[in-house]
């Protein structure tokens, strides 16, 4: 078989992403998330930076997982500000209210905090984040979650395109605002110290 015939047959045999390729993308995105978060000034809260990086990484992971599996993924924030979880959803579950007992949690072998490999981040149970709170959810009135669709974009609970929004990670006088752009879900992070950017 000639070299160009081998190349052509390989191109036709390939029909999707391999698990190794998907994991590589998630790892690269995790590293990129760490770079996206700006370094804090001297004396900044290391635990706040870690929590903000973890949230960005989880959002990117949920976004990529939605594309890879062709299923909906939702990052749900707990109403008491104690953390978040990542849920697997079917199209007929988009409007369902959060039920911790019936929810299908996404798998997370790295940061599951003993939660049976489920993507659950609970600041109360993790001593690294005891001084951290999730505040100022701004994804719409009464909405405590952001949902990624099969293309990696963000949608509202009725399936219509989302106008984006933001959420704050607060540690003492330091706040990291994680913003998601409308439709695309592009993530950006800004840090404020004592109310000043």
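If the chain linking residue 181 and residue 131 were pulled fully straight, counting 0.36 nm for each residue of separation and taking away their Cα-Cα distance, it would gain 15.2 nm.
Applying D = kT/(6 pi eta Rh) to the stretch 17-193, where Rh is the Kirkwood radius over alpha-carbon pairs, T corresponds to 4 °C and eta to 1.567 mPa s, the Stokes-Einstein value obtained is 80 µm²/s. Short-range pairs are left out: with C-alpha atoms under 8 Å and at least six residues apart, the relative contact order of the stretch 75-197 is 19 percent.
Read-outs: derived from the displayed coordinates by stated rules, not from any lab. Quantities reported herein were computed from a predicted structural model and do not represent experimental measurements.
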